[in-house]
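S.K.: A single structure is presented below for examination.
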Amino acid sequence: MADIVTFGEAMIRLSPPQFRRLEQAHSLDVQVGGAELNTAVALAQLGRNSAWVSCLTDNPLGRLIRNRAREAGVDTRHIVWTNDHRVGLYFVEFGAAPRASSVVYDRRDSAISQVQPGMFAWADIFRGSRWFHVTGITPALSPQAAVVTHEAVEAARAAGLRVSIDLNYRQKLWTPAEAGRCLRPLLSMCDVLITTEEDAEKVLGLTASDHEALARKLVSEFPIDVAAITVRENPLVWRNRWTALACQSDQVHRARSYEVEIVDRLGAGDSFAAGLIDGLLEGDLPRGLELGVALSALKHSIPGDFAWVSRSEVESLLRGGNLRISR
C-alpha cells in the first residue's frame, strides 16, 4: 500500500558526455526518467511510500526502468507488462550559453502509449492511498492514453484521493489547442494544479499582470484548492534563479529563491511537485512550497532525472545550509 500513486511513462535517457552534440557521440550516458516516476522517486527519498503505475515492455530495457525505480525505493507492483510495442527513448544534448540544451524523443508507439481502458485495476491500486499525481505528458502520448488518464483521475476521486496535476506542456507531443481540450476537463477533478506562467498561457489561454495574479486567476477559473507556479530566471544555461509561489483561498504564499548552479535541470519540476505534495499531505501549504523549492534546487545539482536527496539534506538547506565541504 502506498500513500502516493503516480501514473505515467518512463523512458531510457541517453546523453553524450562532455557537452558533445549527438553527431559527435562515441558513447552515451544511460539514465532513466519520466515526470511521474521522478516525482515518485523524490517522495520515496523523502521517506514517503510511493508507487508508480505504468506499462512496460517485458525486455531488458523495460526491466532496467523497473529496476531503477525499485532501487530508488518506489513500489512497482502495479506495472503492467507487455510483450508488444517498445520502451521509449530520449536523447539529451547538454548545451552551454549561447547554445541551449535540447531533447530528441524516440518514443512513438511505446508500450504506455498503447494502453487501453480497463487495463489497470484502479480501485485496487488506490485502496489505502491518499494522493494521486499525474502530468499533462501522459494524456499527450496517444488518444487512448488520454482516455486512461481520465479514467485514473475519476477513479482516484471516487476512492477519496486528492489529485494533483502538473500541466507539463510538451510541444513535441501535441498542440496547445489539443492540450487545452484534454486537460481542462481533468482540471475540473483536480485539487492541486502545478504549472508555469508559459504553460498556463499556452494550454489554458490565461495571462495576468504578474505571477500572483495568475495564481489567483487559476484558483478562480477552476474548482481547485491550490494553484502553484514555478518561476525560473535564466541568466545563463547553467546558472539560474529558482522559486515558486502558490495560491489557496485567494491567499498567495511565496517561497524563498535559490541561485542554482546547474549540473542537470531535468526532473527539477517533478521534485518540486514531490515536496509540495509532502507538505500538503500534512495540511501545510507554506511548508510544502518551501520544501518543494528547496528539494528542486538541490535536484539541479545531481546528474540524471532522479532527486537522490534525503529529507535531512532538504531540512539543512531550509535552515540556511552552506557550501563548505561536509566531512
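No value in this document is a laboratory result; all are computed from the given coordinates. Model, not experiment: these values are computed from the prediction. Glycine also receives a Cβ, built like all others from the backbone with ideal geometry; neighbour counts cover every protein chain displayed.
S.K.: Can you list, largest first and rounded to whole Å, the semi-axes you get for the chain by taking the square root of 5 times each eigenvalue of its Cα gyration tensor?
M.R.: For the chain, the ellipsoid semi-axes come out as 26, 25, 20 Å.
S.K.: Give the relative contact order (percent, whole number) for the chain; include only Cα pairs under 8 Å separated by 6+ residues.
M.R.: Value for the chain: 15 percent.
S.K.: Report the charge-dipole magnitude of the chain in Debye, nearest 20, computed about the Cα centre from +1 at each Lys and Arg Cβ and -1 at each Asp and Glu Cβ.
M.R.: 600
S.K.: Something else: Using R₀ = 45 Å, calculate the FRET efficiency as 1/(1 + (r/R₀)^6) where r is the Cβ-Cβ separation of R184 and Q18; round to 0.05.
M.R.: According to the calculation, E is roughly 0.55.
S.K.: So for region 1-122, Kirkwood radius off the Cα pairs, Stokes-Einstein at 4 °C and 1.567 mPa s: how many µm² s⁻¹?
M.R.: After rounding, the answer is 85 µm²/s.
S.K.: A further question on this structure: Need one number: nm distance between label points at Q116 and R77, each 7 Å from Cα along Cα→Cβ, rounded to one decimal.
M.R.: Once both label points are built, they end up 2.6 nm from each other.
S.K.: For region 169-233, which trypsin sites (Lys or Arg not before Pro) are in a loop by DSSP, counting at most 11 other Cβ atoms within 10 Å?
M.R.: Answer by residue number: K172.
S.K.: May I ask you to derive the FRET efficiency for H26 and N59 from their Cβ-Cβ distance with R0 = 35 Å, giving the value to the nearest 0.05?
M.R.: Result of the calculation: an efficiency of 0.90.
S.K.: For the residue pair R216 and R311, what label-to-label distance in nm results when each label sits 7 Å from Cα along the Cα-to-beta-carbon direction?
M.R.: Placing both labels 7 Å along Cα→Cβ, they lie 3.6 nm apart.
S.K.: Work out, step by step, the length gained on full extension between R70 and Q251: first 0.36 nm times the residue separation, then minus their alpha carbon distance; give nm to one decimal.
M.R.: Residue separation times 0.36 nm, minus the Cα-Cα distance, leaves 61.3 nm.
S.K.: Continuing with this model, one more query. Suppose a student asked you for the relative contact order of region 263-327, using Cα pairs under 8 Å spaced at least 6 residues apart; what percent would you report?
M.R.: Relative CO of region 263-327 lands at 36 percent.
S.K.: Treating only the Cβ of Lys, Arg, Asp and Glu as charged (+1, +1, -1, -1), what charge dipole size does region 102-171 show about its Cα centre? Round to the nearest 20 debye.
M.R.: 180
S.K.: Taking the simple approach of a point 7 Å from Cα along Cα-to-Cβ for both L236 and A97, what is their distance in nm?
M.R.: Those two pseudo-labels are separated by 0.6 nm.
S.K.: I want the local charge near V134. Using Cβ-Cβ distances under 10 Å, sum +1 for each Lys or Arg and -1 for each Asp or Glu among the other residues.
M.R.: So the environment of V134 carries a net charge of -2.
S.K.: Select from the chain the helices, each a whole stretch of DSSP H, whose alpha-carbon atoms run 18 Å or more along the helix axis and whose Kyte-Doolittle mean is at least 0.0; answer none if there are none.
M.R.: The qualifying helices are 143-158, 268-281, 285-299.
S.K.: Net charge near S113: determine it from the other residues with C-beta under 10 Å of the C-beta of S113, scoring Lys and Arg +1 and Asp and Glu -1.
M.R.: +1
S.K.: Collect residues whose amide H, placed 1.01 Å from N in the peptide plane, falls under 5 Å from the amide H of D166; neighbours closer than 5 in sequence don't count.
M.R.: Excluding prolines and chain starts, which carry no amide H, the hits are V134, T135, G136, I194.
S.K.: Relative to the present Cα-Cα distance, how much length would full extension add between E261 and R127 at 0.36 nm per residue of separation?
M.R.: Stretched fully, the E261-R127 segment lengthens by 44.1 nm.
S.K.: Once the piece of chain linking R319 and M1 is laid out straight, how much longer is it, given 0.36 nm per residue of separation minus the C-alpha distance between them?
M.R.: Result: 111.2 nm gained on full extension.
S.K.: Mind listing the Cα extents of region 183-236 along all three principal axes, in Å, largest one first?
M.R.: Result for region 183-236: principal-axis Cα extents of 38, 18, 18 Å.
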